[in-house]
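Written out below as structure tokens is the structure these notes cover.
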Amino acid sequence: MNIGKFILRRLSLQIFVLIGLTMFTFILMFGLPGDPAALLFSAGGIAAGMDEYHAFRAKWGLDLPMWKQYLNFVGNLIRGDMGTSLVTRAPIIDNLRAYFPATIELAFVSFIFATVMGIPLGVISALKRNSWIDHAIRAVSLFGVSMPIFWLAIIMLIIFYYYLGIVPSSQRIDLDMEIPKHITGFYLIDTIITGYWDGFFNAVHHLMLPSFILGFSVVGLLARVTRASILEVISQDYVRTARSKGLQEKTVIGRHVMRNALIPTITILGLLVGGLLSGAVLTETIFAWPGVGRFAVQSIMLLDRLAVVDVTILIGVAFSTANMIVDIVVAFLDPRIRY
Amino acid sequence: MKNFKLLTKLFVFTSLLSFMIACTTTETVEVIKEVPVEKIVEKIVEKEVIKEVIKEVVKEVIIEVAPAPTYAKSINVRDVFFFTEGFTPPRGGSFFEHRISQQIYEGLSALNTPMVTRGDSAVPVPNLAESWKISGDGTTYTFKIREGVKFTTGNSLTGQAVVDSLKRSIFVIELDKATARFSWVTDIVSIDATGDMEVTMVLKNSFAPLLAILASKQFLIVDAAELKKHEEEGDWGAAWGATNSVGTAAFKIDSWVPEQRLTLKRNKDYWGGHDGVGPGADQLVFSNIPENATAELMIAKGEVDVALQMDPISLKTLDLQPKVYTFSYPSLITCNFLIDRRNEHAANDEIFKAIHMAIDYEGLLSVVAMGLGSVHQSLILPGMLGHDPAISNQWSYEPEKAKAIIAEQGYPDGFSIKLQSRAGACGSVVYTKGIEFLQASLKKAGIKAEIVQSTGAKFWGQIIDGTLKDMGISGLGATYFDPDNPASVRATSECFLLGIEQHNKTVADKLKDLVAKGRAETDNDKRHTIYRELNALMVANCGEITVLQVADTVALRTNMSNGIAMPHAFSLDFRYLRKAE
């Protein structure tokens, strides 16, 4: 099977994944007890506004049975309509357009940071096995994996924002700076397109601490997986053979060890994308980052079922796409895998 | 490699050093309180408002705020918000929407915010209406509209503009099918401009809360003609108006980015307000900072000047910051334990009384609310007609007495009840903590309470369905400063949903009767008597067991002064704030 056919097959499989996702999330959300309209109307005095309450339920189809609501939702989804948020009263697609770029931008920079830091640290740790560098890197990795994001973020804010004043506290841009014009929703791109360079550098500055926090736990994991993988590969016969052929150590490591040792690391990277996207909720809360994680939390709290299902679908699609890309990359790296 | 080793050591050393500095410095903070210099001169004047009609003297606190020689460039405010249904009246019911609406719109009447803050009786004072006359039977209100006032759109305020604005509010309320919540609007016979600067409103029946309602969010005055230009699908500009300002007040919307930032700019043509106070800053920037710990650092560092909606623990921490001070004011929110009167135990009047005695009010205030509020056992708040400390502070924690009553009623070993715990808070009382405290409190009276996890949607769903078997907690607030609000919204709604009609039809009918009488009565002394009676009935019979009136607390940098609260807007009155730069 060639790569084109493989991608087509994976894409068609994604349709089933999506159906499963929507159904599963929908049932889960309906499994939660309660009536979202009751919650929304409780603040204003429910009984005084019972007509309004019933009209609201009818307008939003909340009085329909679950299966009918689900079929309506799927029917609309096929037509490209993701529904309207009960909470924001806006089309959910507009909410996702507003919030998802912030999450992607944060997750992407965290991913880059984690990859650039995690893999080299793992390599160094493996090559300097049992040295003090190895111990230090393993300690840092363990620290990264073990520390709760919430705690770490607050400590980092206290040190680097409050005392040292070298990073901003929160949000995507300084309070006294103009928010970039929304073109793509990615501040780094929008500021470049509009030539808003102060905004660009400020946005980069604002990304530093949150992406470090989000990426730090991943750095630890990547370093540990890479180290273990290299240690396993480095003792293989073909590595010994390569060395006995008189190849330079650089070539042995680069061509024979790394190519094989990185396969599990890359597989992990695919899984981490999902972790970064969904794990951004805490980071987004602490850094007042207006991303989809906070949108999802607010939607769950207010039982905005469609919004929760849509966010799940979106993250599910991003996750499975990342894994598809990983499968393709692994196929290039591993001659044993051919599609 | 040598350089690399050196760099690594340096990195580790610097990190450890920074961490140590952070830890040690926290412990050695010098607690020096820089109290802002008082610039307020207060005087109480006797001000007669249309004496031949209202026939009473209205006390108005006038606060003279030193005029700002130069406007502060910006005041940064920490807030918590998510989306908006609308800042433009009548839409938008969240605290944030109320807060912003009252900064950009004004009503025909206004509440004297310093008086409300003090808990004094707050009779509405003229605002965009320079004066008013009320007919003897209380059905005709004639407003003289203030001259020289302009909307931020450039249009002038006229009698016709006021008529259009009020009619638009009613139109949108009908569009949203919300008339039941504003039932009095169906009693309006006509609203007409009876002169260039005069508006006459005729009602079928006398409606005493009208002036207080005209100061509340839903009926603030907007430039309806401008909104009409932006109409979509016959909504009279409601969608466009959600995030555009067309008011007369001290600020106007400059930009709004959902979940991030709202910027208000000073209205340079502001007429000065009923109390002659204009804004002290060119702009107000409201930023959404959901995490309290982050907000704490931001105000301590000076990145924000004012922090709203802080949790009590953060406020206690901020009290130790030398450059920050906090102040509290009574809010219009109460904390309540809700129980259905059809509940097996609550149906028994004696046991219902025992439940009141089994709640440790003072403990709840000091431990859970961290002292931010006051024990208050009625939905009618201090400052409102009908308020009586003898009613709102009648219960005290007497677990042994409660136990004895319960035993007398046939439960020598007490009884069991479930408590629904859920996310949320009323002021500084986090629901989960409030419920845990209630559990411990009831235990001493022999009531075995089991906590079950719930959600707001489930809890309120059960109240609506009349299927609530457990006890729960909820904050209940007032949106206009008149006893009609708790009476009409709470006495005749939640109280009924919680089974008063099935429990005691006579009381239920009496409550309805008193609500109607209170609305129709124009004499304030008589209204006070009516609402006092209603208050006593509610406290003795309704399933809303009110325990606390919570306080709103604000944290400010010490270079900020004149923090005057606007409780009905869940906010400060930002016109008063002054910032020394």
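The values are calculated or read from the model by the stated rules, or taken from the named source; none is laboratory data. Being a predicted model, the structure only gives us computed values, none of them experimental. Glycine also receives a Cβ, built like all others from the backbone with ideal geometry; neighbour counts cover every protein chain displayed. The area values use the complete protein model at the heavy-atom level, side chains included, leaving out ligands, DNA and RNA. Shrake-Rupley method; radii C 1.70, N 1.55, O 1.52, S 1.80 Å.
Which helices (runs of 4 or more DSSP H) sit wholly inside segment B:202-241 and have at least 3 residues that are open to solvent by 50 Å² or more (accessible area, probe 1.4 Å)? Steps first, please.
On the way: elements: B:210-213, B:224-229, B:238-241.
Passing ranges, in order: B:224-229.
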>> Being β-branched (V, I, T) and surrounded by fewer than 14 Cβ atoms within 10 Å (Cβ to Cβ) is the filter here; which residues of segment A:76-107 pass it?
In response: A:I78
> Looking at A:V273, A:V329, which one is of a type in the set (V, I, T), open to solvent by 40 Å² or more (accessible area, probe 1.4 Å) and at pLDDT below 85?
Replying inline: A:V329
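Residue check: is B:N292 under 22 Å from the mean Cα position of the chain (by Cα) and within 8 Å of chain A (Cβ to nearest Cβ)? Quick ask: steps written out before the conclusion?
Values: under 22 Å from the mean Cα position of the chain (by Cα): yes; within 8 Å of chain A (Cβ to nearest Cβ): no.
Here the answer is no, as B:N292 does not meet what is asked.
Considering only segment B:434-452, I want to know if a residue exists there that is at pLDDT below 85, in contact with a Lys or Arg (Cβ under 8 Å, 6 or more places away or on another chain) and buried (at least 20 other Cβ atoms within 10 Å of the Cβ).
First pass over segment B:434-452, keeping only residues at pLDDT below 85: none.
No, there is no match, as no residue in segment B:434-452 is at pLDDT below 85, in contact with a Lys or Arg (Cβ under 8 Å, 6 or more places away or on another chain) and buried (at least 20 other Cβ atoms within 10 Å of the Cβ).
Can you name every residue in segment A:158-170 that is over 14 Å from A:S211 (Cβ atoms) and facing chain B (nearest Cβ under 10 Å)? Outline the logic, then answer.
Pass one, segment A:158-170, residues over 14 Å from A:S211 (Cβ atoms): A:158-159, A:161-166, A:169.
Hits for segment A:158-170 are A:I158, A:I159, A:Y161, A:Y162, A:Y163, A:L164, A:G165, A:S169.
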>> Can you go through B:A569, B:A487, B:A508 and tell me which one is within 30 Å of B:S314 (Cβ to Cβ) and either at pLDDT 90 or above or of a type in the set (G, A, S) (or both)?
In response: B:A569
>> Restricting to segment B:85-96, name every residue that is open to solvent by 20 Å² or more (accessible area, probe 1.4 Å) and in a loop (DSSP other than H, G, I, E, B).
In response: B:E85, B:R91, B:G93, B:S94
> On the given criteria, is B:S454 touching a Gly at 6+ places or on another chain (Cβ under 9 Å), over 23 Å from B:A212 (Cα atoms) and within 14 Å of another protein chain (Cβ to nearest Cβ)?
Replying inline: yes
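For (1) open to solvent by 10 Å² or more (accessible area, probe 1.4 Å); (2) under 34 Å from the mean Cα position of the chain (by Cα), each residue gets a yes or a no:
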residue: A:G246; (1), (2): yes, no
residue: A:G254; (1), (2): yes, yes
residue: A:T283; (1), (2): no, yes
residue: A:P290; (1), (2): no, yes
> Considering segment B:464-488 alone, what residues qualify as being in a helix (DSSP H, G or I) and either of a type in the set (F, W, Y) or surrounded by 24 or more Cβ atoms within 10 Å (Cβ to Cβ) (or both)?
Replying inline: B:D484, B:N485, B:P486, B:A487
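Kindly establish whether B:P279 is more than 14 Å from every other protein chain (Cβ to nearest Cβ) and surrounded by 20 or more Cβ atoms within 10 Å (Cβ to Cβ).
On the way: more than 14 Å from every other protein chain (Cβ to nearest Cβ): yes; surrounded by 20 or more Cβ atoms within 10 Å (Cβ to Cβ): yes.
In short, yes.
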> Among the candidates B:F81, B:F143, B:F182, which residue alone is closer than 28 Å to B:G383 by Cβ, within 14 Å of another protein chain (Cβ to nearest Cβ), touching a Ser or Thr at 6+ places or on another chain (Cβ under 8 Å) and among the aromatic types (F, W, Y)?
Replying inline: B:F81
>> Going through B:V162, B:V185, B:V125, B:V172 one at a time, which residue ends up being at pLDDT 95 or above, open to solvent by less than 40 Å² (accessible area, probe 1.4 Å) and of a type in the set (A, V, I, L, M, F, W, C)?
In response: B:V162
> (1) within 11 Å of chain B (Cβ to nearest Cβ); (2) in a helix (DSSP H, G or I); (3) open to solvent by less than 10 Å² (accessible area, probe 1.4 Å); (4) of a type outside the set (V, I, T): which one isn't true of A:W151, the others all being true?
Replying inline: (3)
> So which strands (runs of 3 or more DSSP E) are wholly in segment B:322-432 and hold at least 3 residues that are within 26 Å of B:V507 (Cβ to Cβ)?
Replying inline: B:324-338, B:415-421
> Residues of segment A:182-199 being of a type outside the set (A, V, I, L, M) and over 22 Å from the mean Cα position of the chain (by Cα), which ones?
Replying inline: A:T191, A:T194, A:G195, A:Y196, A:W197, A:D198, A:G199
>> If I ask for residues that are in contact with an Asp or Glu (Cβ under 9 Å, 6 or more places away or on another chain), more than 14 Å from chain B (Cβ to nearest Cβ) and assigned to a helix (DSSP H, G or I), which ones from segment A:81-105 would you list?
In response: A:I93
>> Let me spell it out: the conditions are (1) touching a Lys or Arg at 6+ places or on another chain (Cβ under 8 Å); (2) more than 14 Å from chain A (Cβ to nearest Cβ), and B:D340 meets all of them except one. Which number is the exception?
In response: (2)
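Answer with yes or no whether A:F73 is within 14 Å of chain B (Cβ to nearest Cβ) and surrounded by fewer than 22 Cβ atoms within 10 Å (Cβ to Cβ).
Numbers: within 14 Å of chain B (Cβ to nearest Cβ): no; surrounded by fewer than 22 Cβ atoms within 10 Å (Cβ to Cβ): yes.
Here the answer is no, as A:F73 does not meet what is asked.
For segment A:171-200, which positions are of a type in the set (D, E, K, R) and either within 11 Å of chain B (Cβ to nearest Cβ) or part of a loop (DSSP other than H, G, I, E, B) (or both)? Can you show your working first?
Residues of segment A:171-200 of a type in the set (D, E, K, R): A:172, A:174, A:176, A:178, A:181, A:190, A:198.
Within segment A:171-200, A:R172, A:D174, A:D176, A:E178, A:K181 meet the criteria.
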> Among the candidates A:L282, A:L272, A:L222, A:L231, which residue alone is within 14 Å of chain B (Cβ to nearest Cβ) and aliphatic (A, V, I, L, M)?
Replying inline: A:L282
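Every residue in segment B:519-528 that is touching a residue at least 40 places away in the same chain (Cβ under 8 Å) and over 24 Å from the mean Cα position of the chain (by Cα), please.
Step one: filter segment B:519-528 for residues touching a residue at least 40 places away in the same chain (Cβ under 8 Å), giving B:519-522, B:524, B:527-528.
Once the filter is applied, which keeps residues that are touching a residue at least 40 places away in the same chain (Cβ under 8 Å) and over 24 Å from the mean Cα position of the chain (by Cα), segment B:519-528 yields B:A520, B:E521, B:T522.
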> Can you tell me which residues in segment B:526-561 are open to solvent by less than 10 Å² (accessible area, probe 1.4 Å) and either basic (K, R) or on the phi > 0 side of the Ramachandran plot (or both)?
Replying inline: B:R527
